[in-house]
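*Asks:* Please see the structure below; I have some questions.
The values are calculated or read from the model by the stated rules, or taken from the named source; none is laboratory data. If you're wondering where the values come from, they're calculated on a predicted model, not measured in any experiment. Heads up, the Cβs are rebuilt from the backbone with ideal geometry, glycines too, and the neighbour counts pull from every protein chain shown. Ligands, DNA and RNA are stripped out before the accessible areas are found, and what is left, the full protein with its side chains, is counted by its heavy atoms. Shrake-Rupley method; radii C 1.70, N 1.55, O 1.52, S 1.80 Å.
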Amino acid sequence: MGSSDTLVADATDRRREQRGWYFYDWACSVYSTSVLTVFLGPYLTSVAENAADADGYVHPLGIPVRAGSFFAYSVSLSVIVAVVLMPLVGAAADRSGRKKPLLGITAYTGAAATLGMFLLDGDRYLLGGVLLVVANASQAVSMMLYNSYLPQIAGPEERDAVSSRGWAFGYAAGSIVLVVDLVLYLAHDSFGVSESTAVRICLASAGLWWGGFTLIPLLRLRDRPTAPRAEGTSPGLRQFVATIRDMRRHRLTLAFLLAYLIYNDGIQTVISQASVYGSEELGLSQSTLIAAVLLVQVLAVAGALGMGRLARTYGAKRTILGSLVAWTLTLGAGYFLPAGNPVGFFLLASAIGMVLGGSQALSRSLFSHLVPPGKEAEYFSAYEMSDRGMSWLGPLLFGITYQLTGSYRDAIISLVAFFVIGFVLLARVSVKEAISDAGNPVPEKI
């Protein structure tokens with residue numbers, strides 16, 4: 001085979017692997033959308049309220065917790081668990097070169113926990129909290145492994161586009177499943193099930209979807225041999241410490257991670273708490289919330305692809321900075337939105353949809369340029385901590401603010417700080433210098 005034939009074959013194999021890679025976003029994003037964003041927050045809050053005492057408190061492990069804060073605290077705990085697991089799994093993946101089996105284990109653990117949410121009824125709030133912790137931590141670890149494939153399957157000039165397509169696949173899947181969920185929820189009487197049962201079916205079906213479509217990336221992605229490691233190096237905490245020390249040598253990569261940690265904490269908290277805010281503070285119906293999230297999913301597909309094109313013209317960093325301004329303005333408008341105003345809520349959902357996918361996709365592709373070759377899983381374990389892994393501060397702040405004030409408006413506006421601080425920190429990072437310092441080629445537009 002000639003060299004040109006080899007290049008064509010390599011390009012064909014790379015595109016085939018990229019298409020398989022997209023399908024993990026397709027598989028697990030339904031959990032993020034249907035479970036974490038739409039149904040589980042309001043439903044688990046209602047289950048906790050069923051178990052609450054006369055003062056509105058539940059007592060997990062004897063600790064008094066407002067029923068309205070239990071979901072936010074559970075999300076925060078799930079992320080702390082993920083923080084412990086991700087460096088261990090990331091170091092093991094880079095050492096062994098066997099990311100795919102680890103991706104399968106974490107994906108199917110999360111899918112099984114999500115399927116188990118069908119059992120949530122009555123006052124089983126503790127079961128709901130445990131399943132949420134397992135599912136959310138599993139998704140975070142699996143996404144770390146999934147993201148670490150990006151620099152291996154896409155060249156520097158195509159990563160913005162490949163990353164954006166992955167997010168678009170995820171939001172498209174979320175839209176499709178939400179349409180089915182909306183039909184089941186609104187017409188549950190016609191299907192002969194109660195409203196509670198319809199919600200539990202929607203939760204469990206996300207687990208089936210997650211598990212079923214995970215087969216595609218497991219068939220398409222391939223493991224790659226790793227460079228030999230020094231004797232005495234082992235996966236686990238020692239390897240994680242070594243990774244952090246290595247990252248300290250790449251101070252600009254670390255500076256980007258700090259900025260991303262801050263602003264993405266705000267993004268993840270808005271995603272997980274928006275339905276609780278809409279139902280508890282604005283008094284909107286479940287069907288209105290589902291329709292709003294469906295609108296977000298549809299617009300996020302266009303937003304991810306559109307912001308990917310903007311990045312080719314203006315660079316990923318400037319495009320991300322613009323999205324953070326939009327997030328800040330949207331939260332400010334949400335604070336003043338009067339209760340019982342679905343039109344205003346839909347307008348806010350539209351604004352979120354246009355920047356949601358793009359800000360996440362471009363952050364992922366930008367970080368892929370900052371990773372030293374051969375250390376993808378280790379560095380992406382730190383990235384995933386910033387993504388879902390360290391996103392316990394936002395839910396914790398949201399929960400504490402509500403616990404202290406009893407106001408979801410105060411809780412939602414407190415999240416503006418994450419976007420403002422993240423903007424300032426990101427603006428100070430010289431990404432071209434960071435890419436060069438990591439030993440990677442610098443794209444023409446970045």
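*Asks:* Looking only at segment 177-222, count how many residues are touching a residue at least 40 places away in the same chain (Cβ under 8 Å), assigned to a loop (DSSP other than H, G, I, E, B) and buried (at least 16 other Cβ atoms within 10 Å of the Cβ).
*Replies:* Of the residues in segment 177-222, 2 are touching a residue at least 40 places away in the same chain (Cβ under 8 Å), assigned to a loop (DSSP other than H, G, I, E, B) and buried (at least 16 other Cβ atoms within 10 Å of the Cβ).
*Asks:* Hey, another quick one. Could you tell me which numbered condition Ala172 fails, if it satisfies all but one of (1) at pLDDT 90 or above; (2) part of a helix (DSSP H, G or I)?
*Replies:* So the condition that Ala172 fails would be (1).
*Asks:* Follow-up question, since we're still on this one. Among Gln273, Gln268, which is the only one that is open to solvent by less than 10 Å² (accessible area, probe 1.4 Å), under 30 Å from Pro338 (Cα atoms) and either at pLDDT 80 or above or of a type in the set (Gly, Ala, Ser) (or both)?
*Replies:* Residue meeting the stated conditions: Gln273.
*Asks:* In the set Leu347, Leu284, which member is open to solvent by 40 Å² or more (accessible area, probe 1.4 Å) and of a type in the set (A, V, I, L, M, F, W, C)?
*Replies:* Exactly one residue qualifies, and that residue is Leu347.
*Asks:* Still on this structure, I have one more. Inside segment 408-446, can you point out the residues that are assigned to a loop (DSSP other than H, G, I, E, B) and surrounded by 17 or more Cβ atoms within 10 Å (Cβ to Cβ)?
*Replies:* Ser414, Leu415, Val429, Ala438, Asn440, Pro443, Ile446, listed by residue number.
*Asks:* Let me ask you something else. Which one of these is open to solvent by 50 Å² or more (accessible area, probe 1.4 Å) and not acidic (Asp, Glu): Thr313, Thr319?
*Replies:* One residue alone meets the criteria, Thr313.
*Asks:* Tell me, yes or no, whether segment 106-123 has at least one residue that is buried (at least 19 other Cβ atoms within 10 Å of the Cβ), in contact with a Lys or Arg (Cβ under 7 Å, 6 or more places away or on another chain) and part of a helix (DSSP H, G or I).
*Replies:* There is at least one residue in segment 106-123 that is buried (at least 19 other Cβ atoms within 10 Å of the Cβ), in contact with a Lys or Arg (Cβ under 7 Å, 6 or more places away or on another chain) and part of a helix (DSSP H, G or I).
*Asks:* I need the full set of residues from segment 27-73 which are open to solvent by 10 Å² or more (accessible area, probe 1.4 Å), of a type in the set (Gly, Ala, Ser) and part of a helix (DSSP H, G or I), in order please.
*Replies:* If the condition is that a residue be open to solvent by 10 Å² or more (accessible area, probe 1.4 Å), of a type in the set (Gly, Ala, Ser) and part of a helix (DSSP H, G or I), then Ser29, Ser32, Ser46, Ala51, Gly62, Gly68 are the ones that fit.
*Asks:* Ok, one more. Search segment 134-158 for residues being part of a helix (DSSP H, G or I) and open to solvent by 20 Å² or more (accessible area, probe 1.4 Å), and hand back the single one that is nearest to Tyr31 (Cα to Cα).
*Replies:* Among them, the one singled out is Val134.
*Asks:* I'm told Arg98 meets every condition in (1) surrounded by fewer than 18 Cβ atoms within 10 Å (Cβ to Cβ); (2) under 22 Å from the mean Cα position of the chain (by Cα); (3) over 17 Å from Ser76 (Cα atoms) except one. Can you identify the failing condition by its number?
*Replies:* For Arg98, the exception is condition (2).
*Asks:* Which ones in segment 399-446 are at positive phi and touching a residue at least 24 places away in the same chain (Cβ under 8 Å)?
*Replies:* If the condition is that a residue be at positive phi and touching a residue at least 24 places away in the same chain (Cβ under 8 Å), then Gly439 is the only one that fits.
*Asks:* Only residues that are in contact with a Gly (Cβ under 6 Å, 6 or more places away or on another chain) and either assigned to a helix (DSSP H, G or I) or modelled with pLDDT of 90 or more (or both): list them for segment 356-393, please.
*Replies:* Correct list: Gly357, Gly358, Ala377, Glu378, Ser381.
*Asks:* Can you name the residue in segment 62-103 that is among the small types (Gly, Ala, Ser) and closer than 11 Å to Glu378 by Cα and, of all such residues, is modelled with the lowest pLDDT?
*Replies:* The selected residue is Ala91.
*Asks:* Only one of (1) over 22 Å from the mean Cα position of the chain (by Cα); (2) crowded, with 16+ Cβ neighbours inside 10 Å; (3) β-branched (Val, Ile, Thr) is not met by Thr405, so which one is it?
*Replies:* Single failed check for Thr405: (2).
*Asks:* Follow-up. Criterion first (open to solvent by 20 Å² or more (accessible area, probe 1.4 Å) and in a helix (DSSP H, G or I)) does Leu126 satisfy it?
*Replies:* Taking the combined requirement at face value, the residue satisfies it.
*Asks:* Give segment 74-84 a look and list any residue that's surrounded by fewer than 18 Cβ atoms within 10 Å (Cβ to Cβ) and in contact (Cβ under 8 Å) with a residue 12 or more places away in the chain, or say none.
*Replies:* Answer for segment 74-84, where residues must be surrounded by fewer than 18 Cβ atoms within 10 Å (Cβ to Cβ) and in contact (Cβ under 8 Å) with a residue 12 or more places away in the chain: just Ile80.
*Asks:* Would you say Arg19 is at negative phi, assigned to a helix (DSSP H, G or I), at pLDDT 90 or above and surrounded by fewer than 17 Cβ atoms within 10 Å (Cβ to Cβ)?
*Replies:* Taking the combined requirement at face value, the residue satisfies it.
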